[in-house]
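Peer 1: Here's a structure for you.
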Amino acid sequence: FYTYLSFLLYAQNNDGSIRNFMNFDRTWVKKEPSADALGRFLWAIGSIIAEPPSPYYLSIIKDRFDRSAVLVEKMEHPHNLAYAILGMASYLEQFPGASDIKRLLTIATDKLSACYTNSSTADWQWFGKKLTYDNAILPNAMFTAALAVNDNKYFDIAQKTSAFLLAETFDGSHFSF
């Protein structure tokens, strides 16, 4: 636990952004490709906030989470949004009155909902024009947000996209991604 937490905290820049790729010599890659690092960071740290191994860590981790959460409004990529939604929902388990995090969770979920609205058709119920990687995380985030803020429109999108994903990837005997 401590090794992974140390790495996560080391990956965070002072402005809350997250570095993603480290060279073998433990230096950070200077020009990183666009990645899901911020969302994954929030998901990881949010999970720790929901169930901290010790109360000692809670204030430190909460501070780091808050430093990065302000960047959620700039997120656009569906996977990055989904990971951040999961992290913020976990955060709210520990701090249910955190209105700023609720607001950011709603912003992220509305953006993910817009990805669905802009890409879906009668026969394509998805968040983009193709299935790519870690697909199930997207409807999972919508289900999680629906429960966190009690909004049925998120639940409806989660149900439609889950059914679509299953229909596209399962042939009755095995999954074919």
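The values are calculated or read from the model by the stated rules, or taken from the named source; none is laboratory data. Keep in mind that what you see is a predicted model, and the values were worked out from it rather than measured. Here Cβ is always computed from backbone atoms with ideal geometry, including for glycine, and neighbour counts include all displayed protein chains. We work out accessible area using only protein heavy atoms, side chains counted, and drop any ligands, DNA or RNA first. Shrake-Rupley method; radii C 1.70, N 1.55, O 1.52, S 1.80 Å.
Peer 1: Can we say residue 12 is of a type outside the set (Val, Ile, Thr) and open to solvent by less than 60 Å² (accessible area, probe 1.4 Å)?
Peer 2: So residue 12 fits the description; yes.
Peer 1: With respect to residue 59, determine if the residue is in contact with a strand residue (DSSP E or B) (Cβ under 8 Å, 6 or more places away or on another chain) and of a type in the set (S, T, N, Q).
Peer 2: It is false that residue 59 is in contact with a strand residue (DSSP E or B) (Cβ under 8 Å, 6 or more places away or on another chain) and of a type in the set (S, T, N, Q).
Peer 1: Look through 141, 167 and report the one residue that is exposed (fewer than 13 other Cβ atoms within 10 Å of the Cβ) and either among the aromatic types (Phe, Trp, Tyr) or part of a helix (DSSP H, G or I) (or both).
Peer 2: 167
Peer 1: Among residues belonging to segment 37-58 that are among the small types (Gly, Ala, Ser) and modelled with pLDDT of 95 or more, point out the one that is farthest from the chain's Cα centre (by Cα).
Peer 2: 50
Peer 1: Every residue in segment 54-69 that is among the acidic types (Asp, Glu) and closer than 13 Å to residue 100 by Cα, please.
Peer 2: If the condition is that a residue be among the acidic types (Asp, Glu) and closer than 13 Å to residue 100 by Cα, then 66 is the only one that fits.
Peer 1: Can you say whether residue 53 is in contact (Cβ under 8 Å) with a residue 12 or more places away in the chain, out of contact with any Asp or Glu (no Cβ under 7 Å at 6 or more places or on another chain) and more than 30 Å from residue 157 (Cα to Cα), as far as the supplied structure shows?
Peer 2: yes
Peer 1: Of the residues in segment 1-36, how many are more than 23 Å from residue 82 (Cβ to Cβ) and either part of a helix (DSSP H, G or I) or among the acidic types (Asp, Glu) (or both)?
Peer 2: Of the residues in segment 1-36, 5 are more than 23 Å from residue 82 (Cβ to Cβ) and either part of a helix (DSSP H, G or I) or among the acidic types (Asp, Glu) (or both).
Peer 1: Of all residues being free of Cβ contacts under 8 Å to residues at least 24 places away in the same chain and open to solvent by less than 60 Å² (accessible area, probe 1.4 Å) in segment 85-117, which is farthest from the chain's Cα centre (by Cα)? Just the residue, please.
Peer 2: Only one residue fits best here, namely 98.
Peer 1: Take residue 135 and tell me if it is open to solvent by less than 80 Å² (accessible area, probe 1.4 Å) and in a loop (DSSP other than H, G, I, E, B).
Peer 2: It is true that residue 135 is open to solvent by less than 80 Å² (accessible area, probe 1.4 Å) and in a loop (DSSP other than H, G, I, E, B).
Peer 1: If you don't mind, another one. Got a sec? Which of 74, 62 is more than 22 Å from residue 158 (Cβ to Cβ) and either surrounded by 17 or more Cβ atoms within 10 Å (Cβ to Cβ) or touching a residue at least 12 places away in the same chain (Cβ under 8 Å) (or both)?
Peer 2: 62 is the lone residue from the list that is more than 22 Å from residue 158 (Cβ to Cβ) and either surrounded by 17 or more Cβ atoms within 10 Å (Cβ to Cβ) or touching a residue at least 12 places away in the same chain (Cβ under 8 Å) (or both).
Peer 1: For residue 115, which of the numbered conditions (1) over 25 Å from residue 162 (Cα atoms); (2) of a type outside the set (Ser, Thr, Tyr); (3) modelled with pLDDT of 95 or more fails to hold?
Peer 2: (1)
Peer 1: Another one. Could you tell me whether segment 28-36 includes any residue that is under 17 Å from the mean Cα position of the chain (by Cα) and surrounded by 11 or more Cβ atoms within 10 Å (Cβ to Cβ)?
Peer 2: Yes, segment 28-36 contains a residue that is under 17 Å from the mean Cα position of the chain (by Cα) and surrounded by 11 or more Cβ atoms within 10 Å (Cβ to Cβ).
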